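One structure below.
Each value in this text was obtained by applying a stated rule to the coordinates, not by laboratory testing. The structure displayed is predicted, hence computed values, not measured ones. Cβ: placed from backbone, ideal geometry, glycine included. Neighbour counts: every protein chain shown.
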Amino acid sequence: MQCILSALKAESTPFINYFKLKKIDSFPFPLYQNNNLSLLIVGVGKGKIEKTISEFCKYHETKKLQFFNIGISGGNPETSKIGKMYIINKIVDDETGRHFYPDILVNNKIEENCITTVNENIVDGGINYKNLVDMEASEIFKSCIKRVPTHQISFL
């Protein structure tokens, strides 16, 4: 099963509509499914990610799961462009300084980039960050890696 993870309903709506996903009301977090695809809205920030992914995994055979974190990020204009999609090859947790490296095993033409997970909104234009910035990637990686191998987690 493939599972798209996103922070916001606005990020999720195009996937929900395109794949005709149906809301699962019995799940305690926003979950949409159709056949072999799930979409889980984890919320903004690190706060509920571990609990949400843990709860989701109780109902799915984890060795067959693939997670795709797809979301909007901020970006330094010198290393990123508005509207461009990147595949993430390195995640930095700004709070702890830890680095995580998702495996990219599939040949693709998507440009790679690094993302830094921060705890608060960036309001100064992000001049202290060289690449992309978000509020969830490091926590998603830490939560997913407990359940599936690295090559089954992707960040776009």
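Brief remarks follow.
- 19 Å Cα-Cα threshold exceeded, pairs from LYS81/LYS130; LYS46/LYS142; LYS90/LYS142: none
- Computed FRET value (nearest 0.05) for ILE122 with MET1, which takes r as the C-beta separation and R₀ as 35 Å: 0.55
- Where N is the number of residues in the chain, Cα Rg divided by 2.2 N^0.38 Å: 1.01
- Between amide H atoms placed 1.01 Å from N, distances below 5 Å from VAL42 occur with SER6, ALA7, all of them 5 or more places distant or on a separate chain.
- The separation of the stretch 34-60 from the stretch 70-90, counted between C-alpha centres, amounts to 23 Å.
- Nitroxide proxy distance, nm - points 7 Å out along Cα→Cβ at LYS9 and LYS48: 1.2
- Under the convention that each Lys and Arg Cβ holds +1 and each Asp and Glu Cβ holds -1, the size of the dipole of the stretch 10-108 around its Cα centre is about 300 debye.
- Loop-located GluC sites (Glu not before Pro) across the stretch 65-156 with a Cβ neighbour count of 14 or fewer within 10 Å are GLU78, GLU95, GLU111, GLU120, with loop assigned by DSSP.
- Rg of the Cα atoms in the stretch 1-76, relative to 2.2 N^0.38 Å, amounts to 1.05.
- Lys, Arg +1 and Asp, Glu -1 on Cβ, resulting dipole of the stretch 62-156 about Cα centre, debye, nearest 20: 560
- For the stretch 3-18, 3J(HN,Hα) computed residue by residue from phi via the Karplus equation (6.51, -1.76, 1.60; θ = phi - 60°) reads 10, 8, 10, 9, 8, 10, 4, 4, 6, 7, 3, x, 6, 4, 5, 4 Hz, glycine and proline entered as x.
- Reciprocal mean inverse distance between Cα atoms of the stretch 94-155 - Kirkwood radius, Å: 13.1
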